[in-house]
Amino acid sequence: MQRSPSLRELGEHRAVERLIELLSKGWRCPSLGPGDDAACTGPGHPRLLVKIDGGGIESNLAPWMSLGDLGWLQVASAASDLAAKAARPLAFVLSLGLEPERSIRDLEEIAEGAAEAARAHGAWLAGGDLNSCRGRGCGWVDVAAVGLAPGEPVPRRPRPGDLVYATTGRLGLGGLVFHSLAEGSWRSAAARYPRAFRVMARPLARLGFVELASRLPRGCITGSTDTSDGLAYSLWLLSRSAGAPLEVLEAPVEEEALRYAEEKGLDPLSLALYGGQELEIVFTVRPRCSRLAEEEAEALGLQVARVGRILGETGGPLLLHKGRSLEPRGWDNFLGWSSMQGQSR
């Protein structure tokens, strides 16, 4: 009898691929496919979207974060997935698992942070579920969200020749804070680059993208995803969906990340590609719509930059930069920073 591989051996993303195969058999959302950032509630409601996000307290609570920050971050992460599909959040619900030994103040702090984030995203916290768990480090914070797209949700169907854009303002900050954490120098880095740590603890989803998508003619934006697992992974997903290589240009790295890269002797582009949790949105645009997309984004005050293009030849998924291939590493909850190479569903 063949042994079933463990999740550690398989990895999160390959495990998700297995789940997508199961979901595909009974999929009812006509506007978004299985495995996208969010899903609609069914054929009669293609613009009413749902999403759940979250994780373990011990693995998601960075040492510079409070429990309130964690509640905020999980709400913002769910909001970002909705925003990437051009939907505004309406309401969030919270599922908590806590050790009975924790104080009531811990519970209140998580809920307060989640409620603050919900209001900041124009929605509200509509209750949830409270559970106990046993064992040190067993707690979790999960957030489910409901959102509404003003127009057609943005699918993940980029095509060869499309231009690749990203919202900007945080690129490289995730790389900065996570590199300093891995190096053990996060305290001194937090003192030198306080905005990076503040922004990464309490980010806001790019809801301006929802307005941008609604202003452009239908079909101008062909694909989108958020960068919670890293910019490189997000670009790789778009390359995979297009079935063609994606050429990466220089990403607009934030000033703090540029200074940190110079200080540490790092490649600034690597900080932008392999950071994560920055909650920017990467999206593809038909070339005929590029000028209009840039003008509308500027009118909205939404910072965007062209970061690449889908090449015309087949052979994806593949990331290229200046003639060489880039490793498509992304965050994997079972493997850590893992390459997506070979995952080509």
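The values are calculated or read from the model by the stated rules, or taken from the named source; none is laboratory data. Source: prediction; values computed, not measured. We place every Cβ from the backbone using ideal geometry, glycine too, and count neighbours over all the protein chains shown. The area values use the complete protein model at the heavy-atom level, side chains included, leaving out ligands, DNA and RNA. Shrake-Rupley method; radii C 1.70, N 1.55, O 1.52, S 1.80 Å.
Under the condition of being aromatic (Phe, Trp, Tyr) and not in a loop (DSSP other than H, G, I, E, B), which residue from segment 229-288 is nearest to GLY316 (Cα to Cα)? Let's see the steps before the verdict.
Quick first cut of segment 229-288, residues aromatic (Phe, Trp, Tyr) only: 233, 236, 260, 274, 283.
Among the residues that remain, those that are also not in a loop (DSSP other than H, G, I, E, B) are: 233, 236, 260, 283.
Numbers: TYR233: 13, TRP236: 9, TYR260: 33, PHE283: 17 Å.
Step by step, filter segment 229-288, then rank; the result is TRP236.
Criterion first (under 18 Å from THR227 (Cβ atoms), of a type in the set (Gly, Ala, Ser) and in contact with a strand residue (DSSP E or B) (Cβ under 8 Å, 6 or more places away or on another chain)) does ALA84 satisfy it? Full working, then the answer.
Numbers: under 18 Å from THR227 (Cβ atoms): yes; of a type in the set (Gly, Ala, Ser): yes; in contact with a strand residue (DSSP E or B) (Cβ under 8 Å, 6 or more places away or on another chain): yes.
Against the criterion (under 18 Å from THR227 (Cβ atoms), of a type in the set (Gly, Ala, Ser) and in contact with a strand residue (DSSP E or B) (Cβ under 8 Å, 6 or more places away or on another chain)), ALA84 qualifies.
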Selection from segment 295-332 of residues that are part of a helix (DSSP H, G or I), over 20 Å from SER234 (Cβ atoms) and either of a type in the set (Phe, Trp, Tyr) or in contact (Cβ under 8 Å) with a residue 24 or more places away in the chain (or both): GLU296, LEU300
What are the residues in segment 62-77 that are in a helix (DSSP H, G or I), within 15 Å of GLY174 (Cβ to Cβ) and either of a type in the set (A, V, I, L, M) or modelled with pLDDT under 95 (or both), if any? LEU73, ALA76
Filter result for TYR274 (among the hydroxyl-bearing types (Ser, Thr, Tyr), over 22 Å from ASP162 (Cα atoms) and modelled with pLDDT of 95 or more): no
Among the listed residues LEU49, LEU82, LEU90, identify the single one that is at pLDDT 95 or above, of a type outside the set (Val, Ile, Thr) and assigned to a helix (DSSP H, G or I). LEU82
Could you give every pair whose Cβ atoms fall below 6 Å, whose first residue belongs to segment 199-220 and is more than 15 Å from ALA87 (Cβ to Cβ) and open to solvent by less than 30 Å² (accessible area, probe 1.4 Å), and whose second residue is assigned to a loop (DSSP other than H, G, I, E, B) and of a type outside the set (Lys, Arg), counting only separations of at least 6 or pairs across chains? ALA201/MET65; PRO203/LEU279
List the residue pairs whose Cβ atoms are under 6 Å apart, where the first residue sits in segment 32-60 and is closer than 24 Å to PHE178 by Cα, the second is outside any helix (DSSP H, G or I) and among the polar types (S, T, N, Q), and the two are 6 or more positions apart or on different chains. ASP37/THR225
Test set (1) modelled with pLDDT under 95; (2) within 23 Å of VAL177 (Cα to Cα); (3) surrounded by fewer than 19 Cβ atoms within 10 Å (Cβ to Cβ); (4) in contact with a Gly (Cβ under 9 Å, 6 or more places away or on another chain) - GLN303 fails condition number: (1)
If I ask for residues that are within 23 Å of GLU280 (Cβ to Cβ) and surrounded by fewer than 23 Cβ atoms within 10 Å (Cβ to Cβ), which ones from segment 71-100 would you list? ARG88, LEU90
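Residue by residue through segment 18-44, note down the ones that are charged (D, E, K, R), open to solvent by 90 Å² or more (accessible area, probe 1.4 Å) and under 21 Å from the mean Cα position of the chain (by Cα).
From segment 18-44, those charged (D, E, K, R) are 18, 21, 25, 28, 36-37; that's our starting set.
Going one step further and asking which of them are open to solvent by 90 Å² or more (accessible area, probe 1.4 Å), we end up with 18, 21, 25, 28.
If the condition is that a residue be charged (D, E, K, R), open to solvent by 90 Å² or more (accessible area, probe 1.4 Å) and under 21 Å from the mean Cα position of the chain (by Cα), then ARG18 is the only one that fits.
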Give me the residue from segment 278-297 that is touching a strand residue (DSSP E or B) at 6+ places or on another chain (Cβ under 8 Å) and open to solvent by 10 Å² or more (accessible area, probe 1.4 Å) and, out of that set, nearest to VAL75 (Cα to Cα). GLU294
Of the residues that make up segment 8-27, is at least one touching a residue at least 40 places away in the same chain (Cβ under 8 Å), touching a Leu at 6+ places or on another chain (Cβ under 9 Å), among the hydrophobic types (A, V, I, L, M, F, W, C) and part of a strand (DSSP E or B)? no
